[in-house]
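First the structure, in the form of structure tokens, and then the observations on it.
The values are calculated or read from the model by the stated rules, or taken from the named source; none is laboratory data. What you see is a predicted model, and the numbers here were worked out from it, not measured in a lab. As a convention, Cβ positions derive from the backbone with ideal geometry for all residues, glycine included, and neighbour counts pool all protein chains shown.
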Amino acid sequence: MARRFGLVAAHGKPEAGQLAEEIRRWLTARGCAVAGEGELAAQWSDRDVIVAIGGDGLIMRVAHAYPGIPILGINVGRIGFLALAEREDWQRALSELVAGRYHVQEGPTLAVQLERRGELLVDGWAINDVVIRAGYQLIEVELYVDGQFVNTYPGDGMIVATPQGSTAYCMAAGGPVLTAGVHGFAVTPICPHSPIRIALVVPEQATIEQVYLSEREARLIIDGEPVLALERGDLVRVTRGSHTFRLVVLPGTNFYEAFRSKFNFQIRPEAQPSRGNERAPRSGAR
């Protein structure tokens, strides 16, 4: 049963701030302890759940700032695939949370290191993805998995994504969607200059190494944030991270229903399931 909450609203969205005040009053009236973003710096480690009011970008910011604490996202953005509750449904979502009717879904993170001529320049971690991204010209990236050479990819770069990140840039680049419970990472070339455009799914325990082979402009990007300009010979190493991404999943949450509706992924919008109108089995949505 969740009784100690953190509450974080997206910056620059007045509607998120207004909803945060309404939620604070609602939780306090039910005897819950609530810490706003200004108070979380000293109190975050004892929170049961952090409620993030915004979209997927805010959820990732919160997860980076307060690693290991379960997060419930309330969507006031556009897609908000990681935000499992919609703005108009917040009271039902929080009622389930306060009553203890929820479970916590755990997803892996990525540890990323960048080495240049033997010197470690970047040592970070990602919730969604690690990306090598070209500027305006084609680049080449050499890929190794567990020390074995896979291929050299000419194109716009490479994405390594977690299951929760597979519905972000990875999916947009034509990579696979990994549903919750898949113990692997997606390695997806971006616009490869080749008729062969196959992405790979590698085990979580794999070591993924990428050698940057070009002189042209490119950057290392972690969870959408540019980190460092790359130079020829740079080595980007990605492994499973030590942190865990923890997402609150409420009763009735259905990954496949969310996938169809939020991404409009419906081959025949009028189609009805042949098994009748019963709800699909409940499963975690990432």
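The table that follows gives values for the structure above.
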quantity: Any chance Thr179 is polar (S, T, N, Q), under 27 Å from Glu217 (Cα atoms), assigned by TED's automatic domain parsing to the domain that holds Ala229 and under 23 Å from the mean Cα position of the chain (by Cα); calculated: no
quantity: The listed residue being within 30 Å of Leu200 (Cβ to Cβ), among the basic types (Lys, Arg) and at pLDDT 95 or above, out of Arg61, Arg117; calculated: Arg117
quantity: Search result, residues across region 47-81 that are small (Gly, Ala, Ser), under 13 Å from Ile127 (Cα atoms) and buried (at least 24 other Cβ atoms within 10 Å of the Cβ); calculated: Ala63
quantity: Long-range neighbours under 7 Å by Cβ, at least six apart or interchain, first residue without any contact (Cβ under 8 Å) to a residue 24 or more places away in the chain within region 183-195, second of a type in the set (A, V, I, L, M, F, W, C) and not in a loop (DSSP other than H, G, I, E, B); calculated: Gly184/Val201; Gly184/Val202
quantity: Every residue from region 26-55 that is in a loop (DSSP other than H, G, I, E, B) and of a type in the set (Gly, Ala, Ser); calculated: Gly31, Gly55
quantity: Failed item in (1) out of contact with any Gly (no Cβ under 8 Å at 6 or more places or on another chain); (2) closer than 30 Å to Leu250 by Cα; (3) outside the structural domain of Ile71 (by TED's automatic domain parsing), with Leu97 passing the rest; calculated: (3)
quantity: Qualifying residue in region 210-218 (condition: in a strand (DSSP E or B) and of a type in the set (Lys, Arg)); calculated: no
quantity: Residue in region 126-145 that is at pLDDT 95 or above, surrounded by 15 or more Cβ atoms within 10 Å (Cβ to Cβ) and over 18 Å from Leu220 (Cα atoms) present; calculated: yes
quantity: Residue among Val238, Val150 that is in contact with a strand residue (DSSP E or B) (Cβ under 8 Å, 6 or more places away or on another chain), outside any helix (DSSP H, G or I) and closer than 21 Å to Val122 by Cα; calculated: Val238
quantity: Any hit, region 82-96, residues being part of a strand (DSSP E or B), crowded, with 16+ Cβ neighbours inside 10 Å and at pLDDT 95 or above; calculated: no
